[in-house]
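Below is one structure, written out as structure tokens, with a few remarks after it.
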Amino acid sequence: MAGGEELKLLGWWAPGVSPYVLRAQMALAVKGLRYEYLPEDRWCKSDLLIASNPVYKKVPVLIHNGKPICESLLIVEYLDDALGLPGNGKPILPADPYSRALARFWAAYANDKLFPSCAGILKTVKQEERAGKVEETLSGLRHLEAILAECSKGEVEAPFFGGDAIGFLDIALGCYLPWFEAVGRLAGLGPLVDPARTPKLAAWAKRFRVAEPVKALLPGVDELEEYITKVLYPKWNIAVTSN
């Protein structure tokens, strides 16, 4: 563990498929922190999880020296604040208060609006409802294209939302990239992050997928599609059909 700190992460039983657990893992990787990963059983939640997150009883939960921190975005901020020591990677959150506020706003937007719309594409078989979710998703991606363009103003285009290095909004959005691709495939829509519609965002996604140290954490899209069809479709009562 880093500097005598004890870090444990309660995560999902299937590695990589939970974007929220993946988000916490990305932040830990960016900070260069070692931790113990404790996968939760699919059918039986552990006593540790229930005691650590008694309100929602969901992962991820970061346990730092015995103290639990819940919710993925809060975990990312906590890691930057509590373990932002020299040698623990670059800061994740911007130093400027206004930039921090903007990053938090758009991270919350991705979390509360964009991803639910994206997942919603697969949760309905009604064409009108699905079309509405598709448009909500594409609209959200256009918003983020505009934000990325703002970040890239200047003589040299910034490779990430966080500038030269992966930052808060990069992690908040990057954990959804496998889902965007998998949903596009399963719904027969093609790429949701499409260079023709959002060229800057598509270029950012390409850079993010191969960036150290997050690239090793991203799941394969085939693996994620299998998880969606075998685990989530039955939960959502959606019939699996070939496109």
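The values are calculated or read from the model by the stated rules, or taken from the named source; none is laboratory data. Here the structure is a predicted model, which is why all the values come from computation and not from measurement. Note: ideal-geometry Cβ built from the backbone for every residue, glycine included; neighbour counts use all protein chains shown. Accessible surface areas use protein heavy atoms only, side chains included; no ligands, DNA or RNA. Shrake-Rupley method; radii C 1.70, N 1.55, O 1.52, S 1.80 Å.
Laid out as a table, the results:
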read-out	value
Residue identified as touching a residue at least 24 places away in the same chain (Cβ under 8 Å), of a type in the set (A, V, I, L, M, F, W, C), in contact with a Leu (Cβ under 7 Å, 6 or more places away or on another chain) and closer than 16 Å to Tyr109 by Cα among Leu144, Leu169	Leu144
Cβ-Cβ under 6 Å pairs, at least 6 apart or on other chains, the range 63-78 side closer than 14 Å to Tyr35 by Cα, far side surrounded by fewer than 16 Cβ atoms within 10 Å (Cβ to Cβ)	Asn65/Glu6
Failed item in (1) under 17 Å from Cys118 (Cα atoms); (2) open to solvent by less than 70 Å² (accessible area, probe 1.4 Å), with Pro191 passing the rest	(2)
Per-region count, the range 215-235, residues aromatic (Phe, Trp, Tyr) and in a loop (DSSP other than H, G, I, E, B)	0
In the range 100-129, the residues that are among the aromatic types (Phe, Trp, Tyr), under 14 Å from the mean Cα position of the chain (by Cα) and exposed (fewer than 15 other Cβ atoms within 10 Å of the Cβ)	none
Members of the range 141-159 that are more than 22 Å from Val17 (Cα to Cα), under 23 Å from the mean Cα position of the chain (by Cα) and open to solvent by less than 90 Å² (accessible area, probe 1.4 Å)	His143, Leu144, Glu145, Ala146, Ile147, Leu148, Ala149, Cys151, Ser152, Ala158, Pro159
